[in-house]
Amino acid sequence: MQRNRRRSERHAVGFYVDQFINDEPLRCFTTDLSSIGLYMERPVQSINRASKLIQLEITLPRSSDSIWAVGEVVYDRLDSLFHGTAVCFQAMATAHRRYLCEWLHESSRTERFLTHPLRRPSPVSVNRPAPAMARARSTRALPA
């Protein structure tokens, strides 16, 4: 039986953060966030990390302020398209940590995802082709 190692509740999110490695910014997409860490993904590309410590700039959805944190890479996950990184926060200003905890507690699930203020969701319509049997029946010649 696998033991849950998490010390804090994860919240599903969907917004961009900036990760700084060797003073170079990399744009990443965060998929879950807690008061003690996050998981983010970006397209696969080579990076040279001098240490496991990285700096993060986190701008929460519907907020203009940035949260700055230093995090330690817990693990990396690579697949053919994305490089995922789990990070545990090591240093963060007290006011920023308080703001993050309040945001996680007070925001609803829909508020945790980035939406463009000018874009309205459009209705989705699916055009499915008729099944092969229905097409075969409709193309048969009718007796006169």
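Since only ALA50, GLN19, GLY37 are under comparison, the one whose Cα sits farthest along the positive direction of the charge dipole of region 11-110, derived from C-beta charges on Lys, Arg, Asp and Glu, is GLY37.
Using the beta-carbon distance between VAL74 and GLU106 and R0 = 41 Å, what value does 1/(1 + (r/R0)^6) give for FRET efficiency, to the nearest 0.05? With R0 = 41 Å, the Cβ-Cβ based efficiency is 0.95. Taking a ≥ b ≥ c as the square roots of the eigenvalues of the alpha carbon gyration tensor, region 52-91 is oblate, as a/c is not under 1.5 and a/b does not beat b/c. Need one word for region 29-70: rounded, prolate or oblate. Basis is the Cα gyration tensor (sqrt eigenvalues a ≥ b ≥ c); a/c below 1.5 gives rounded, then a/b vs b/c decides. Cα axes put region 29-70 in the prolate bin. Using a simple spin-label model with pseudo-atoms 7 Å out from Cα toward Cβ, ALA50 and ASP23 lie 0.9 nm apart. Its Cα centre serving as origin, region 11-110 has a Cβ charge dipole (Lys and Arg +1, Asp and Glu -1) of approximately 120 debye.
Here, each number is a calculation from the coordinates, and none is a lab measurement. Worth saying up front: this structure is predicted, and the values here are computed from it rather than measured. Glycine also receives a Cβ, built like all others from the backbone with ideal geometry; neighbour counts cover every protein chain displayed.
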